1. Just to be sure I understand the filter: pairs with C-beta atoms under 7 Å, separated by 6 or more residues or on different chains, first member in region 94-117 and under 21 Å from Asp202 (Cβ atoms) and open to solvent by less than 40 Å² (accessible area, probe 1.4 Å), second member small (Gly, Ala, Ser) and outside any strand (DSSP E or B). Which pairs pass?
2. Could you give me the residue pairs with C-beta distances under 6 Å whose first residue belongs to region 411-435 and is in the same structural domain as Asp350 (by the TED database), whose second residue is assigned to a loop (DSSP other than H, G, I, E, B) and among the polar types (S, T, N, Q) wherever it lies, and which are 6+ apart or on separate chains?
3. When region 284-308 is examined, which residues are found to be farther than 30 Å from Ala250 by Cα and within 53 Å of the chain's Cα centre (by Cα)?
4. Condition first: farther than 20 Å from Asn292 by Cβ and of a type outside the set (A, V, I, L, M). Now tell me which residues in region 254-267 satisfy that.
5. Looking only at region 160-177, filter to residues that are assigned to a helix (DSSP H, G or I) and either among the hydroxyl-bearing types (Ser, Thr, Tyr) or touching an Asp or Glu at 6+ places or on another chain (Cβ under 8 Å) (or both); which one of those is surrounded by the most Cβ atoms within 10 Å (Cβ to Cβ)?
6. Could you check region 309-337 and list, in sequence order, the residues that are among the aliphatic types (A, V, I, L, M) and over 44 Å from the mean Cα position of the chain (by Cα)?
7. Restricting region 1-48 to residues that are among the polar types (S, T, N, Q) and over 16 Å from Cys156 (Cα atoms), which is surrounded by the fewest Cβ atoms within 10 Å (Cβ to Cβ)?
Amino acid sequence: HQHGIAMLEKELARLTLPDISGDFRVLRVGKVHYELSRLRLRNFHLPYSRISPVPSVGLQVSISNAFAELDGDWRVKMLFIRDHGSFDLKVENVYIKISLRLGNDAAGKPTISTSDCSTRISKVRVLFSGKFAWLYNLFHSAIESKFKKILESKVCDSVEESVHSELQTYIRTLPVTAKIDARTGIDYSFVAPPVATAQSLDTGLKGEFYSLAHHSTAPFSPLPLSLPSDHDRMVYFGASNYFFNTAGFAYHTSGALVFEITDATIPKDVDFHLNTSTFSAFVPQLEQMYPNTPMKLRLSTLTAPFLNIGPGGISLKPIVDVQAYAILPSSSLAPLFVLSLVRNVSAVIDVRSGHIVGSLNVGRYRGERPLLGRGRLGVRQLQSIMNIVASQILLPRLNARLDEGFPLPLPDRIQLLNTFVRFHQNFLLLGADVHFQPK
């Protein structure tokens, strides 16, 4: 509202008015021909304004008690008199009402246009300066009437041009797609035109991650999302289970949830080496088959991880297959064993610099399917190693990516302040105030 009105004020101050000429008769003087030229609008002030959502309409901007000041040159011919000079014009009690229609185009980008504009000017005053100015001020009413009609028309022309060239251009800086990394993107396109209610403007966005290489449809559908009637903040985002689960699906489809770990990737402060000697304590056959041979672990998920959002937060229980290989002197890989692991994972979510950021906390792995080993004891010992791999190698990688965050759909030069995150059943709610940074 504040910046939109400032923009409109600037546009109206640039109004160009045509030269005005005409004839009229004055009692005892006769026919008078006048010309008004070089009309300059010094300022246009909009001190009282209000913007509000109007159901079934969109947005309505109401401006009252606006005023403007102009000056220019005049020239008059009557009988044997020729005279010229300057004049000042004051326009007071200007009322403007603008209706804005909100929509979206075929690409899902927002659109805005002027559906209605009306201007009413209550008072126009012209003051002539010059040798015979006292005489010309006697017939100012005819000139004031012309000025009033011209200004009322020009104001709405300027409003429509401003909405088209400035406001429409600006709102289209709202990104409807965002590339996240080399593998994935987010689709934030509008699924329907914005809906105005008595207190808010509600917009449905697709909110869907996708693989850049394989833009396939997620094998599940979004649930209806209804935000609570909270009005403490200026803007709210509702992010459902569907939003986050399409992220898991996109990363799984793109192959990003495959991690390979070798001894070189293990931090130096971790007290074990990834080789058959280490694992032979749990699986004796390894030392016999491949004595003191370096190993590689390949961690992957058979299906995309599926999470749940509830009042207590975000949780998921991914099943991870760990394929172990021996790295032979020829650099070829010899399969050793497969271990399926299940782990409880919870997520912490926040908003920072217009991005959803997060971090994962994990419970201990529970083994599901060892193909080699010394019974349950061997499985438990393997689990201990996998807990170290997960907590000290895999988790830091994932959290580093989550800390970079995923951008929210914000127009250019918008910053979010006073943010909060609340968890509800099947969705989380982000609330924030908005700061606009002018160019």
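1. Hits for this filter: Gly108/Ser189.
2. The qualifying pairs are Pro411/Thr173; Asp412/Thr173; Arg413/Gln437.
3. From region 284-308, those farther than 30 Å from Ala250 by Cα are 284-294; that's our starting set.
Passing the criteria: Thr293, Pro294.
4. The first filter runs over region 254-267 and keeps only residues farther than 20 Å from Asn292 by Cβ, leaving 254-260, 267.
Ser254, Gly255, Phe259, Glu260, Pro267 - these are the residues of region 254-267 that are farther than 20 Å from Asn292 by Cβ and of a type outside the set (A, V, I, L, M).
5. Among them, the one singled out is Ser162.
6. Step one: list which residues in region 309-337 are among the aliphatic types (A, V, I, L, M), which gives 309, 314, 316, 319-320, 322, 324, 326-328, 333-334, 336.
Residues satisfying the conditions are Ala326, Ile327, Leu328, Leu333, Ala334, Leu336.
7. Taking region 1-48 and keeping what is among the polar types (S, T, N, Q), we get 2, 16, 21, 37, 43.
The next check asks that each one be over 16 Å from Cys156 (Cα atoms); those that pass are 2, 21, 37, 43.
On the way: Gln2: 9, Ser21: 12, Ser37: 13, Asn43: 11.
Filtering region 1-48 for residues that are among the polar types (S, T, N, Q) and over 16 Å from Cys156 (Cα atoms), the one surrounded by the fewest Cβ atoms within 10 Å (Cβ to Cβ) comes out as Gln2.
Quick grid of which residues meet (1) open to solvent by 20 Å² or more (accessible area, probe 1.4 Å); (2) on the phi > 0 side of the Ramachandran plot; (3) in contact (Cβ under 8 Å) with a residue 24 or more places away in the chain:
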residue	(1), (2), (3)
Asn292	yes, yes, no
Met295	no, no, yes
Thr301	yes, no, yes
Ala304	yes, no, yes
Ile309	no, no, yes
Ala326	no, no, yes
Phe337	no, no, yes
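The values are calculated or read from the model by the stated rules, or taken from the named source; none is laboratory data. Small disclaimer: the values here were computed from a predicted structure and weren't measured. Cβ: placed from backbone, ideal geometry, glycine included. Neighbour counts: every protein chain shown. Note: accessible area is taken over every heavy atom of the protein model, side chains too, but ligands, DNA and RNA are not part of it. Shrake-Rupley method; radii C 1.70, N 1.55, O 1.52, S 1.80 Å.
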